[in-house]
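The values are calculated or read from the model by the stated rules, or taken from the named source; none is laboratory data. This one's a predicted model, so the numbers in the text were calculated from it and none came from an experiment. Glycine gets a Cβ as well: all are built from the backbone with ideal geometry, and neighbour counts include every protein chain shown. These accessible areas exclude ligands, DNA and RNA; they are computed on the full protein's heavy atoms, side chains included. Shrake-Rupley method; radii C 1.70, N 1.55, O 1.52, S 1.80 Å.
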Amino acid sequence: MKKFIRNILLLGTGLFGMTSCADFIDNAPDDTLTMEMVFNDKVRTEDWFAGVYTKVPDPLWGYTRDYGYNALGDDLSPSQRWQQWWDGSVLNFIIGQWYTNSSWKGDVWAACPIRIRSAYQFIENAHALPDQNLPQDRVDDMKNQCRFLIAYYYWLMIEAHGAVPFFDGLANVEDPNLMRGQATFDSMVEWIDGQLTELAKVLPATRTNTYLGEATSIMCLAVRARMLLFYASPLVNGNEWYADHVNHNGEQIFSTSYDPERWRRAADACKELIDAAEAAGHSLYYAYNDDGSLDPFMSCYGSVINQVNMGNLKGSNPEALFVRPTCDISSFEGHSTPRGANGNGGMGIYQTLVDAFYMKDGTVPITGYNGDYGHPIINPESGYSETGFSDHPDVRKTKYDLYRNYTGELQGEEVVVNQDIDGARYNQVASTGTFNMYMNREPRFYLTVMWNEQWYHQAGRKTDFYSNGLDGGPTHDAPQGGYLNRKNVSLDQNNRDGQHPYRPGILYRLGEAYLNYAEALNECDPGNPDIVKYLNMIRYRAGVPQYGTGTEEICGEIFDQIPVPADQEAMREAIRRERRVELCCESGIRYFDLRRWKLAEKVLNQPTYGMNFGSDRSAGREAFFQRTVEMANRHYERKYYWFPIFQTEIDKDPTLVQSPFWDEE
């Protein structure tokens, strides 16, 4: 972003009482840019337009640190000792140190209105500059994109806060009605829905690489489908918690009347997205073995890692629906790299995520917990074990090569690396001596979890998460629960050499749309065959036996299919489990799922577990590999379902109403 444009945007008006850009220009020195100067110049016009996009979240590092959504759920577990560099923020929120004056780096309340006003200013002032090669059709397209961003930013705001002040045009800062309180949640959803529906009819379905990340009709439909799923969910559909929560005008901010038609509306929106996306060339990402069979490891890996080329969907990652062209890949990958390999290795994951993945035969290893997450209920039919170590490697037919560049360092162990069997490559995903908890798990498990004593190819050794080990504590740059995150981390990255292969950040992908559709359909039309159809499409790609009565071959092995869930409730749980493992660590989806299902208090308000991170090697392997409390003071209460409004905003504007239950602190 050019300096002069940034200054204009920052001086431009937020919708909540800042000084207007026009007022600034009117009173500015003669050598300062005016609005006319900006929009009579192509470069400045395009820079202004680019500035409107700057609040689109970074789905990797931004969603983890700044917005904090990935960390607020129960997927990613950033080291609590990073508070000194993270300015507290979300790391404090996790342990209940969350107040109406708490700082939040995501800050959509203040930051989104600045971009919204900038978008309205662009719509009002931008015009064609034929002599500078800025034709009218491009200007019209950019204005429509600004309309998309206005709707999208309002969605980000109500997704976080529930109720916000609303302006459907460029506000006059001298208008005495500028302080108008908050619009109801329902009215905001309806307005956003109308805007996205209209724009989906005029924006193109795809963009060439030159315009990668610019708004498309598919992006409109993706945001709309996710929003309407949220709108149908228990948090805002018939929730009696908010019966007394009214705005400045006395209107109920959240309707407490349950409307089953919201689920039908969400299902229809999801199906419309799926049909339009597939018609535009989008599909799930698939990768294949040399013998033509599906490689579920490389398929799921590529769905979030492969670079997006929107001008040639078939040649890249056709699954991505909404991307941010730039994101802080290096920070995210660096914090997911072991400390002893020049990483900042404290980006852990919780034991409950480790527990959630299926076994490779599709059975569920853990069916629940006795009291807390330290006491799992193990499914005896799954073959899952939390004792002992394997006496052989876990070998699969896949090109996913965790042991790449292996040169024989593991003396006395059988190591299978790129072994050719019957025209296909086989690789091991776990070595001899691996803790049995990590053996015989489904492919997505190995794409997400880095455990102690697992081979790490960039270091040419096994990880050492023991206390005082090469990659362990007590330093902050170590996984506090004995696990590091692998999801969204490229096998080709090398933090030691600063190598982080470029890829845009994916905010929405087709796999989520399939699961959204299955969930909405199960609520409005249980038993509809599309539910199993789309759920099975995700399971097939992931290399997990599908729901059915037959058998199927996966990675060279034959498995029985899993019986179809017997009723709506059982199917609901199956869909939620599938979302848990398919969409983990992505764009805060898990956190928003827990919120909209009204499960956050139950799931997040208890101690978290991992392996025994405080055990050193001298205590023996068995001492490390046992469930141990990672964070005893994790805390979540009812008011946390919505972000509070910063208290100074309430003090400035008497028409604002604080988010539910925050006045009780």
Quick test of your reading of the structure: residue 498 fulfils all but one of (1) closer than 24 Å to residue 583 by Cα; (2) modelled with pLDDT under 95; (3) not β-branched (Val, Ile, Thr). Name the failing condition by number. (1)
When only residues in segment 311-343 that are more than 21 Å from residue 479 (Cβ to Cβ) and of a type in the set (Val, Ile, Thr) count, which is surrounded by the fewest Cβ atoms within 10 Å (Cβ to Cβ)? 326
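Residues in segment 240-248: is at least one open to solvent by 20 Å² or more (accessible area, probe 1.4 Å), assigned to a helix (DSSP H, G or I) and of a type outside the set (Phe, Trp, Tyr)?
Yes, the conditions are met somewhere in segment 240-248.
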Output for Cβ contacts, cut-off 7 Å, separation at least six or different chains, first residue in a helix (DSSP H, G or I) in segment 569-582, second of a type in the set (Phe, Trp, Tyr), reads 581/357
In segment 21-34, is there at least one residue being crowded, with 17+ Cβ neighbours inside 10 Å, out of contact with any Gly (no Cβ under 8 Å at 6 or more places or on another chain), at pLDDT 90 or above and in a helix (DSSP H, G or I)? no
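Kindly indicate whether any position in segment 293-302 is open to solvent by 10 Å² or more (accessible area, probe 1.4 Å), aliphatic (A, V, I, L, M) and in a loop (DSSP other than H, G, I, E, B). Give the steps one after another, and end with the answer.
Let us first name the residues in segment 293-302 that are open to solvent by 10 Å² or more (accessible area, probe 1.4 Å), namely 293-294, 298, 300-301.
Next, only the ones that are aliphatic (A, V, I, L, M) stay: 294, 298.
Now drop any that are not in a loop (DSSP other than H, G, I, E, B), which leaves none.
Checking segment 293-302: not a single residue is open to solvent by 10 Å² or more (accessible area, probe 1.4 Å), aliphatic (A, V, I, L, M) and in a loop (DSSP other than H, G, I, E, B).
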Filtering segment 576-609 down to residues that are within 18 Å of residue 352 (Cα to Cα) and in contact with a Phe, Trp or Tyr (Cβ under 6 Å, 6 or more places away or on another chain) yields 581, 588, 591, 595, 600, 601, 604, 605, 608, 609
Taking segment 271-288 as the region of interest, how many residues are open to solvent by 10 Å² or more (accessible area, probe 1.4 Å), in contact (Cβ under 8 Å) with a residue 24 or more places away in the chain and not acidic (Asp, Glu)? 9
Exception for residue 103 within (1) assigned to a loop (DSSP other than H, G, I, E, B); (2) open to solvent by less than 20 Å² (accessible area, probe 1.4 Å); (3) not basic (Lys, Arg) falls at (2)
Among (1) farther than 20 Å from residue 447 by Cα; (2) not in a loop (DSSP other than H, G, I, E, B), residue 327 falls short only on (2)
Which of the residues that make up segment 616-665 are farther than 26 Å from residue 352 by Cβ, part of a helix (DSSP H, G or I) and open to solvent by less than 60 Å² (accessible area, probe 1.4 Å)? 649, 650, 662
Per the filter on segment 438-452, residues within 15 Å of residue 464 (Cα to Cα) and either surrounded by fewer than 22 Cβ atoms within 10 Å (Cβ to Cβ) or hydrophobic (A, V, I, L, M, F, W, C) (or both) are 449, 450, 451
Collect the residues in segment 344-362 that are open to solvent by 10 Å² or more (accessible area, probe 1.4 Å) and not in a helix (DSSP H, G or I), keeping them in residue-number order. 344, 360, 361
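Given the condition among the charged types (D, E, K, R), surrounded by 14 or more Cβ atoms within 10 Å (Cβ to Cβ) and either within 32 Å of the chain's Cα centre (by Cα) or over 19 Å from residue 351 (Cβ atoms) (or both), answer yes or no: does some residue in segment 367-382 qualify?
Scanning segment 367-382, I find no residue that is among the charged types (D, E, K, R), surrounded by 14 or more Cβ atoms within 10 Å (Cβ to Cβ) and either within 32 Å of the chain's Cα centre (by Cα) or over 19 Å from residue 351 (Cβ atoms) (or both), so the answer is no.
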If you go through segment 492-510 one residue at a time, do you hit one that is touching a Phe, Trp or Tyr at 6+ places or on another chain (Cβ under 7 Å), assigned to a loop (DSSP other than H, G, I, E, B) and within 30 Å of residue 424 (Cα to Cα)? no
Scanning segment 207-224 for residues that are hydroxyl-bearing (Ser, Thr, Tyr), assigned to a loop (DSSP other than H, G, I, E, B) and open to solvent by 20 Å² or more (accessible area, probe 1.4 Å) gives 208
Anything in segment 393-407 that is open to solvent by 40 Å² or more (accessible area, probe 1.4 Å) and closer than 30 Å to residue 303 by Cβ? List them, or say none. 395, 399, 404, 405, 406
Across (1) open to solvent by less than 10 Å² (accessible area, probe 1.4 Å); (2) over 27 Å from the mean Cα position of the chain (by Cα); (3) free of Cβ contacts under 8 Å to residues at least 40 places away in the same chain, residue 181 clears everything bar (3)
Of the residues in segment 518-568, those that are out of contact with any Asp or Glu (no Cβ under 8 Å at 6 or more places or on another chain), charged (D, E, K, R) and part of a helix (DSSP H, G or I) come to 519, 523, 530, 533, 541
Just to be sure, is residue 262 farther than 27 Å from residue 146 by Cβ, of a type in the set (Lys, Arg), at pLDDT 95 or above and buried (at least 19 other Cβ atoms within 10 Å of the Cβ)? yes
Kindly provide the set of residues from segment 491-539 that are open to solvent by 30 Å² or more (accessible area, probe 1.4 Å), more than 30 Å from residue 457 (Cα to Cα) and within 23 Å of the chain's Cα centre (by Cα), ordered by number. 537
Give segment 417-432 a look and list any residue that's open to solvent by 10 Å² or more (accessible area, probe 1.4 Å) and farther than 20 Å from residue 294 by Cβ, or say none. 417, 432
Can you tell me which residue in segment 184-206 is farthest from residue 47 (Cα to Cα), limited to those that are of a type outside the set (S, T, N, Q), part of a loop (DSSP other than H, G, I, E, B) and open to solvent by 20 Å² or more (accessible area, probe 1.4 Å)? 201
With 458, 480 as the choices, which residue is crowded, with 18+ Cβ neighbours inside 10 Å, closer than 24 Å to residue 583 by Cβ and modelled with pLDDT under 95? 480
